[in-house]
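Undergrad: Following this message is one structure expressed as structure tokens.
The values are calculated or read from the model by the stated rules, or taken from the named source; none is laboratory data. On a predicted model such as this, the values are computed, not experimentally measured, just so you know. We place every Cβ from the backbone using ideal geometry, glycine too, and count neighbours over all the protein chains shown.
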Amino acid sequence: MGTAPLPPGSTIGILGGGQLGRMMAMAAIQLGYRVIGYAPAGDNVAASACDDFFENGWGEKEALAAFASRCDVVTWEFENVPLSAVEAIPENLLAPHPKALGIAQDRLNEKQFVELLGAKCAPYARVDSDDDLARAIDRVGSPGILKTARDGYDGKGQWRIMSAHEAEGVRFPGRTCIYEGMVNFETEFSVILVRSRDGEVRFWDSSANTHEGGMLVHSVLPAGELVEAQVEEARAIAAKTAEALRYVGVLTLEFFATKSGPIFNEMAPRVHNSGHWTIEASATSQFENHIRAIADLPLGGTATRFASVDMRNIVGEDALTAHQMLTEEGEPHLHLYGKREARDGRKMGHVTRVSHEAP
């Protein structure tokens, strides 16, 4: 793909079959593009919004080549697409640059990368054995969280450790981990930006986020005075990160708002759950602006159109009664993802409520 805008009728390829891919595909269709997806067989809800969908393994090089041959640009919807699969696709088709995946897929590399750009992180240590864990707790302190360095999301691959004695009951998972000291924070917030191919950067307003069991469940705007006081510093780190990665598309960095300033938590090189509210409440949604960026179209405005915004995830069997929300006051905007099985802890949809009245 060159520097000219991608013309209508061109094909955008999406690696991954989840709800983020589904919402990106819907935005791409609105802009006149065809969409094809690629993911291993499973409950690929993105397929319903695609013109075609490859259900093949990440290691199937011939299938990946066939997929890429039909695409004018290729992006991804989650950061755990194996780097080997991405590298099987011609680099000139990819947006963002695959370097972003290489950084984000390893929590140790990610923290070291943003620290070099000036970000502050919670104290942490690499852990490769039970003895390493004991030394890490001694150095970093407790309570803390042991996380697998690679893979894991929505609280998976994480163990909260309240004391050195409690660590004795934690079974080391047998692969490289990171032990992080707990952060005394007042709230969590996201910085979501979009960067064009020519380096233009735009930010959405930052939401205050609530997590349960490591999974985001609630995002609200306005985010509060503390976040508003720290968001510019966090945005500066996010912009440096995007520049260093030669990033194209939507990039998310999550922070803790603390009395000593913003503390970096993690990075997601993709559209993000905490930005779902942008569909109804922003001048341009994160999904549309991601497509605009990778297609070399002008970026859309990111201003928030309402005085207050409340986005909640619909998890597990709550989806079975979600249509009842449509009878509630406040004109709720309901999004169900079409997943077949409503399991505990599984994101099934979200609902966004907006108001012109301040909270």
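Undergrad: So, V309, is that one touching a helix residue (DSSP H, G or I) at 6+ places or on another chain (Cβ under 7 Å), buried (at least 17 other Cβ atoms within 10 Å of the Cβ), assigned by TED's automatic domain parsing to the domain that holds A208 and more than 30 Å from F113 (Cα to Cα) or not? It would help to see each step written out before you state the result.
TA: Details: touching a helix residue (DSSP H, G or I) at 6+ places or on another chain (Cβ under 7 Å): yes; buried (at least 17 other Cβ atoms within 10 Å of the Cβ): yes; assigned by TED's automatic domain parsing to the domain that holds A208: yes; more than 30 Å from F113 (Cα to Cα): yes.
For V309, the condition - touching a helix residue (DSSP H, G or I) at 6+ places or on another chain (Cβ under 7 Å), buried (at least 17 other Cβ atoms within 10 Å of the Cβ), assigned by TED's automatic domain parsing to the domain that holds A208 and more than 30 Å from F113 (Cα to Cα) - is met.
Undergrad: Cβ-Cβ below 9 Å, separation at least six or inter-chain, first residue in the stretch 157-170 and on the phi > 0 side of the Ramachandran plot, second among the acidic types (D, E) and surrounded by 11 or more Cβ atoms within 10 Å (Cβ to Cβ): which pairs?
TA: From residues that are on the phi > 0 side of the Ramachandran plot, the pairs are G157/D151.
Undergrad: Related question: Need pairs with beta-carbon distance below 7 Å; first residue assigned by TED's automatic domain parsing to the domain that holds Y337 and within the stretch 37-58, second among the aliphatic types (A, V, I, L, M); sequence gap 6+ or separate chains.
TA: none
Undergrad: What is the number of the single condition among (1) modelled with pLDDT of 90 or more; (2) in contact with a Gly (Cβ under 9 Å, 6 or more places away or on another chain) that I178 does not meet?
TA: The single condition I178 does not satisfy is (2).
Undergrad: From the residues in the stretch 343-359 that are aliphatic (A, V, I, L, M) and more than 14 Å from M311 (Cβ to Cβ), which one is surrounded by the most Cβ atoms within 10 Å (Cβ to Cβ)? Talk me through it step by step, then tell me what you get.
TA: Of the stretch 343-359, the ones aliphatic (A, V, I, L, M) are 348, 351, 354, 358.
From what's left, more than 14 Å from M311 (Cβ to Cβ): 348, 358.
Working: M348: 23, A358: 8.
Going through the qualifying residues, I end up with M348.
Undergrad: Would you check which residues across the stretch 141-153 are surrounded by fewer than 17 Cβ atoms within 10 Å (Cβ to Cβ) and touching a residue at least 24 places away in the same chain (Cβ under 8 Å) and list them?
TA: Narrowing the stretch 141-153 to residues surrounded by fewer than 17 Cβ atoms within 10 Å (Cβ to Cβ): 141, 143, 150-153.
G141, P143, R150, D151, Y153, listed by residue number.
Undergrad: From the list V81, V73, pick out the single residue that is surrounded by 14 or more Cβ atoms within 10 Å (Cβ to Cβ), over 21 Å from D151 (Cα atoms) and either in contact with a strand residue (DSSP E or B) (Cβ under 7 Å, 6 or more places away or on another chain) or touching a residue at least 60 places away in the same chain (Cβ under 8 Å) (or both). Talk me through it step by step, then tell me what you get.
TA: Values: V81 fails: over 21 Å from D151 (Cα atoms).
Every option except V73 fails the conditions.
Undergrad: Pull up the stretch 243-272, narrow it to residues that are farther than 21 Å from P123 by Cα, over 14 Å from the mean Cα position of the chain (by Cα) and among the aliphatic types (A, V, I, L, M), then point me to the one that is surrounded by the most Cβ atoms within 10 Å (Cβ to Cβ).
TA: Among those residues, the one meeting the criterion is V248.
Undergrad: While we're looking at this one, here's another question. Answer with yes or no whether R171 is outside the structural domain of I279 (by TED's automatic domain parsing), assigned to a strand (DSSP E or B), within 22 Å of G345 (Cβ to Cβ) and out of contact with any Lys or Arg (no Cβ under 8 Å at 6 or more places or on another chain).
TA: On the way: outside the structural domain of I279 (by TED's automatic domain parsing): yes; assigned to a strand (DSSP E or B): no; within 22 Å of G345 (Cβ to Cβ): yes; out of contact with any Lys or Arg (no Cβ under 8 Å at 6 or more places or on another chain): yes.
Against the criterion (outside the structural domain of I279 (by TED's automatic domain parsing), assigned to a strand (DSSP E or B), within 22 Å of G345 (Cβ to Cβ) and out of contact with any Lys or Arg (no Cβ under 8 Å at 6 or more places or on another chain)), R171 does not qualify.
Undergrad: Given the conditions (1) touching a Leu at 6+ places or on another chain (Cβ under 7 Å); (2) not in a helix (DSSP H, G or I); (3) not aromatic (F, W, Y), which single one is not true for L326?
TA: (2)
Undergrad: Hey, among G32, G59, G42, which residue is touching a Pro at 6+ places or on another chain (Cβ under 6 Å) and not β-branched (V, I, T)? Step through it out loud before you land on a result.
TA: On the way: G59 fails: touching a Pro at 6+ places or on another chain (Cβ under 6 Å); G42 fails: touching a Pro at 6+ places or on another chain (Cβ under 6 Å).
Checking each option against the conditions leaves just G32.
Undergrad: Name the single residue that is surrounded by the most Cβ atoms within 10 Å (Cβ to Cβ) among those in the stretch 285-301 being out of contact with any Gly (no Cβ under 8 Å at 6 or more places or on another chain) and assigned to a helix (DSSP H, G or I).
TA: Per the stated criteria, the residue is I291.
Undergrad: Enumerate the pairs (first residue in the stretch 301-324 and closer than 16 Å to A342 by Cβ; second residue anywhere and of a type in the set (G, A, S) and assigned to a strand (DSSP E or B)) with beta-carbon separation below 7 Å, excluding pairs fewer than 6 apart on the same chain, so at least 6 apart or on different chains.
TA: Short answer, once both residue conditions are applied: I314/G349; A319/G349; A322/G349.
Undergrad: Is one or more of the residues making up the stretch 250-264 among the small types (G, A, S), in contact (Cβ under 8 Å) with a residue 12 or more places away in the chain, within 30 Å of P298 (Cα to Cα) and outside the structural domain of P82 (by TED's automatic domain parsing)?
TA: Checking the stretch 250-264: not a single residue is among the small types (G, A, S), in contact (Cβ under 8 Å) with a residue 12 or more places away in the chain, within 30 Å of P298 (Cα to Cα) and outside the structural domain of P82 (by TED's automatic domain parsing).
Undergrad: Can you find even one residue in the stretch 201-214 that is surrounded by fewer than 15 Cβ atoms within 10 Å (Cβ to Cβ) and touching a Pro at 6+ places or on another chain (Cβ under 9 Å)?
TA: Checking the stretch 201-214: not a single residue is surrounded by fewer than 15 Cβ atoms within 10 Å (Cβ to Cβ) and touching a Pro at 6+ places or on another chain (Cβ under 9 Å).
Undergrad: How many residues are over 18 Å from A100 (Cβ atoms) and either free of Cβ contacts under 8 Å to residues at least 40 places away in the same chain or of a type in the set (D, E) (or both) when one looks only at the stretch 194-207?
TA: Number of matching residues: 2.
Undergrad: Select from the stretch 329-359 the residues that are under 29 Å from E225 (Cβ atoms) and either β-branched (V, I, T) or touching a residue at least 24 places away in the same chain (Cβ under 8 Å) (or both) and list them in ascending order.
TA: First, the residues of the stretch 329-359 that are under 29 Å from E225 (Cβ atoms): 329-333, 350-359.
Residues satisfying the conditions are G330, H333, H350, V351, T352, R353, V354, S355, H356, E357, A358, P359.
Undergrad: Would the stretch 114-132 turn up any residue that is farther than 18 Å from F264 by Cβ, exposed (fewer than 14 other Cβ atoms within 10 Å of the Cβ) and free of Cβ contacts under 8 Å to residues at least 40 places away in the same chain?
TA: Within the stretch 114-132, one or more residues are farther than 18 Å from F264 by Cβ, exposed (fewer than 14 other Cβ atoms within 10 Å of the Cβ) and free of Cβ contacts under 8 Å to residues at least 40 places away in the same chain.
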